[in-house]
Amino acid sequence: MANRSFVVGVGMTKFEKPGSRDWEYPDMAKEAVGRALADAGVTYDAIEQAYAGSVYGAMGQRALYEVGMSGVPVMTVSNACATGSSALYLARQMVRGGLADCVLALGMEKMQKGSLGAGVGRSSVTIIDHHLRSMAAGRPWEMDKAPMPQMFGNAGREHMEKYGSTPEHYAWIGWKNHKHSVNNPYAQFQTEYSLDDVRNAPMIFDPLTKLQCSPTSDGAAAAVVASERFVDEHGLGDQAVEIAGHHIASDTAASFEDHSSIQVVGSDCTRRAAARALAEAEVAIEDVDVIELHDCFSANELITYEALGMAPLGEGHKLVDAADTTYGGRWVVNPSGGLISKGHPLGATGLAQCAELTWQLRGKADARQVENARVALQHNIGLGSACAVAVYKPAT
Ligand SMILES: CC(C)(COP(=O)(O)OP(=O)(O)OC[C@H]1O[C@@H](n2cnc3c(N)ncnc32)[C@H](O)[C@@H]1OP(=O)(O)O)[C@@H](O)C(=O)NCCC(=O)NCCS
């Protein structure tokens, strides 16, 4: 029988446009970890192990030496855009397995303006070569377009062709997430746009306009993960949030078999990760109140509604028609503004999602609070592929 695991402290920096703030990754880490430790009411001495995530080469030890040098094991984690959730997953595994009582998970990134390439580092093998090949076999690949918007945009195109969603549905998701971020002081953008602004923004890859794409960002986020014993000994029961289920899925051969863009960008991985995480938490998607979902592009939010079981296959856009994924609807998806408006510093994103959901379940999310939020779900995906789904519940 595995031990229970709890988030007892969270903290993050504001996410910033690259180049707009004079800081390096250790500065970000110090700010985010300092806030998470203060939130938990513990000092760095309490941390028995640390998992620190970054896609672009920030080193965990270097980042944490600004916080403390206690000699504990520090592991740098890299798992594409699911890096932050992967650091959290590993921290939780240690607590679940009874190998530690208090573990730190950190995610951080310093990025550049403009689109991402298809790989990281110097190898000629990109992490998404299977994905690119499979997608290119299914529909023409446009060499002059950036790969990431193209991959997720192709998933949107496939959904429109097969199931009848329209560019309006994708624009609404961009509009919704920007609107949510108005109340999030940590968000890179806090501007409310009209639907027309979103529709008429520069086209990046049809149907995705710029206001439906996550920007590049700088920032960090952190969580302190603890055992039941630690929660009790430190009197943290009132603020602890249980990680009731957490699973990370990778691709199977089926992800590539029929050259479906929807499958290639991770809907199958999401489906499997969600099934495991929800089962572990002993809840159904209908029991969930609030969701932080990996809306790297609006198309991914829509196809993920179906992969999470919020709508039957081919009917995700009906949730948009019913405004069922914003305040007043069935679920509130991305109250933080999501990646589209809060920003997406790759390694930090999963832990920022964890921070938002922790605040939501504590009832401390200020103007973006989802009323009576009791069960929360986090979805964080990295092509290559790592799909993380976590389910959170209040400790008491
Ligand atoms: C959207 C994108 C194509 C825009 O790239 P770009 O136009 O070449 O370059 P920039 O990053 O300089 O953005 C241009 C401007 O648009 C703004 N912008 C970008 N995305 C925005 C968004 N979602 N909302 C509001 N403004 C945005 C930038 O802040 C910048 O503003 P500025 O001119 O005032 O400085 C690029 O940011 C992108 O590819 N994003 C996706 C990143 C990605 O793939 N992440 C991993 C996903 S899994």
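Of note:
- Among the residues making up the stretch 292-331, those that are within 15 Å of the chain's Cα centre (by Cα) and away from the ligand (no atom under 16 Å from the Cβ) are Tyr305, Leu308.
- For the stretch 314-337, filtered to residues that are in contact (Cβ under 8 Å) with a residue 60 or more places away in the chain and of a type in the set (Asp, Glu), the residue that is surrounded by the most Cβ atoms within 10 Å (Cβ to Cβ) is Glu315.
- Restricting the stretch 219-261 to residues that are charged (D, E, K, R) and touching a Gly at 6+ places or on another chain (Cβ under 9 Å), the residue that is modelled with the highest pLDDT: Asp251
- Summed over the stretch 40-67, residues that are over 21 Å from the mean Cα position of the chain (by Cα) and either in a strand (DSSP E or B) or under 22 Å from Gln239 (Cβ atoms) (or both) total 11.
One line per residue, one yes/no per condition, for (1) in contact (Cβ under 8 Å) with a residue 60 or more places away in the chain; (2) farther than 19 Å from Thr358 by Cβ; (3) in contact with a strand residue (DSSP E or B) (Cβ under 9 Å, 6 or more places away or on another chain):
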| residue | (1), (2), (3) |
| --- | --- |
| Trp23 | yes, yes, yes |
| Ala29 | yes, no, yes |
| Ala32 | yes, no, yes |
| Asp39 | yes, no, yes |
| Thr43 | no, yes, no |
| Ser54 | yes, yes, yes |
| Met59 | no, yes, yes |
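- Condition met for Ile340 (under 18 Å from Ala80 (Cβ atoms) and among the β-branched types (Val, Ile, Thr)): no
- In the stretch 145-171, the residues that are within 11 Å of His317 (Cα to Cα), within 16 Å of the ligand (Cβ to nearest atom) and surrounded by fewer than 24 Cβ atoms within 10 Å (Cβ to Cβ): none
- In the stretch 181-276, counting only strands (runs of 3 or more DSSP E) that sit wholly within it, the ones holding 1 or more residues that are touching a residue at least 60 places away in the same chain (Cβ under 8 Å), surrounded by fewer than 21 Cβ atoms within 10 Å (Cβ to Cβ) and more than 15 Å from the ligand (Cβ to nearest atom) span 241-249.
- In the stretch 135-155, the condition of being at pLDDT 95 or above and touching a Pro at 6+ places or on another chain (Cβ under 8 Å) is met by at least one residue.
A quick yes/no check of all residues on (1) buried (at least 24 other Cβ atoms within 10 Å of the Cβ); (2) more than 16 Å from the ligand (Cβ to nearest atom); (3) over 24 Å from Arg272 (Cα atoms); (4) not hydrophobic (A, V, I, L, M, F, W, C):
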| site | (1), (2), (3), (4) |
| --- | --- |
| Leu339 | yes, no, no, no |
| Gly347 | yes, no, no, yes |
| Gln353 | yes, no, no, yes |
| Lys364 | no, yes, yes, yes |
| Gln369 | no, yes, yes, yes |
| Gly382 | yes, no, no, yes |
| Ala388 | yes, no, no, no |
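- Considering the stretch 95-115, the residues that are crowded, with 19+ Cβ neighbours inside 10 Å, under 30 Å from Ser214 (Cβ atoms) and among the charged types (D, E, K, R) include one that is nearest to the ligand (Cβ to nearest atom), namely Glu109.
The values are calculated or read from the model by the stated rules, or taken from the named source; none is laboratory data. All values derive from a computational prediction rather than experimental measurement. Reconstructed Cβ throughout: ideal geometry from the backbone, glycine too, with neighbour counts over all protein chains shown.
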